[in-house]
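**Q** Structure incoming, see below.
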Amino acid sequence: MPPALRTPRLLLTPYTPDDEDDFVALFQDARVSRWMGDGTASEADDRALFGRVFSKVYARELFDVWAVRRDGRLVEHAEIKRTDEVDGHEIIYALAPEAWGGGLGTELARALVAYGFETLGLTEVHATVDARNEPSLRLLGRLGFAHVRDIVEDDGGLTHVLTCRNPARGTARGRR
């Protein structure tokens, strides 16, 4: 299980079974899911995904994934995991539309990057972002992420690979 993390306004904790409906609602919102993977999945697929958080991700300690709460309400989803697509650790986050525009995404991404550097000992953290997702590209740019390459998706879409390097570390890879 990932450790709980706290920012000035957010609490990141492992999901609990009671979070299923809120998780599914977040992932079913087309304004959110349009930027994630292949877009909106069926409700059944999102419920199955939530189940895999427990049966695979937490059970096998595959990577860190959190429910992100503000004032006790689930408002965001967060992950940091090793992926071959970027040959390193990638941060992933999804914000409920009511959380947009108030700096919570920046606060969350900053916490994920700090966790990668300080806890996982990484020298760099990556993000993959749809080239049309300008708010997320701006957010990551403010945190020091730089565009390093593009991925042309099967549907012809363009994904930017962004990297943030840990200025306090050398070039060795992280431990996880």
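**Q** Once the piece of chain linking residue 118 and residue 20 is laid out straight, how much longer is it, given 0.36 nm per residue of separation minus the C-alpha distance between them?
**A** Numbers: separation 98, 0.36 × 98 = 35.28 nm, distance 3.00 nm.
Taking residue 118 through residue 20 to full extension adds about 32.3 nm, to one decimal.
**Q** Further, regarding this structure: Counting only the heavy atoms of the protein chains, how much of residue 40 is accessible to a 1.4 Å probe, in Å² to the nearest 10?
**A** Counting only protein heavy atoms, residue 40 exposes about 70 Å² to solvent.
**Q** How far apart, in nm, are two points set 7 Å out from the Cα along the Cα-to-Cβ line at residue 81 and at residue 6?
**A** According to this spin-label approximation, the distance is 2.8 nm.
**Q** Using alpha-carbon positions, what is the distance between the centroids of region 108-159 and region 50-74, in Å?
**A** Each part reduced to its Cα centre gives a spacing of 20 Å.
**Q** Treat each spin label as a single point 7 Å out from the Cα along the C-beta direction, and report the residue 56 to residue 71 distance in nm.
**A** Distance between the two pseudo-spin positions: 3.6 nm.
**Q** Further, regarding this structure: Measuring with a 1.4 Å probe in the full set of protein chains, what accessible area per residue, in whole Å², belongs to region 1-127?
**A** Values: 6030 Å² over 127 residues.
Per residue, region 1-127 has 47 Å² of solvent-accessible surface.
**Q** Tally the DSSP beta bridges in region 63-175 and give the antiparallel ones as a percent, rounded to 5. Walk me through the intermediate numbers first.
**A** Values: 28 of 29 bridges.
Once the DSSP bridges in region 63-175 are tallied, antiparallel ones form about 95 percent.
**Q** Further question on the same structure: Quick one: which residues, 5 or more positions from residue 7 or on another chain, have an amide H under 5 Å from its amide H? H modelled 1.01 Å from N in the peptide plane, none for Pro or chain starts.
**A** Under 5 Å from the amide H of residue 7 lie the amide H atoms of 12, each far enough along the sequence or on another chain.
**Q** Could you go through region 120-126 in sequence order and give the Karplus-derived ³J(HN,Hα) for each residue, using 6.51 cos²θ - 1.76 cosθ + 1.60 with θ = phi - 60°, rounded to whole Hz, and x for Gly and Pro?
**A** My calculation for region 120-126 gives 8, x, 6, 9, 8, 10, 10 Hz in order.
**Q** Rounded to a whole number, what is D in µm²/s for region 7-94 from Stokes-Einstein with the Kirkwood radius over alpha-carbon pairs (10 °C, 1.306 mPa s)?
**A** The diffusion coefficient I find is 117 µm²/s.
**Q** Taking a 1.4 Å probe, which of 117, 54 shows the most accessible area, and what order do the others take after it? Kindly include the intermediate steps, with their values, before the conclusion.
**A** Numbers: 117 30, 54 60 Å².
I get 54, 117, largest accessible area first.
**Q** Using a 1.4 Å probe over the heavy atoms of the protein chains, calculate the carbon and sulfur portion of the accessible area of the chain as a whole percent.
**A** The nonpolar share, carbon plus sulfur, comes to 48 percent.
The values are calculated or read from the model by the stated rules, or taken from the named source; none is laboratory data. Everything quoted here is computed from the prediction, not taken from an experiment. A quick note on method: Cβ atoms are made from the backbone with ideal geometry, for glycine too, and the neighbour counts reach across all protein chains shown. Calculation scope for accessible area: heavy atoms of the full protein, side chains included, ligands and nucleic acids excluded. Shrake-Rupley method; radii C 1.70, N 1.55, O 1.52, S 1.80 Å.
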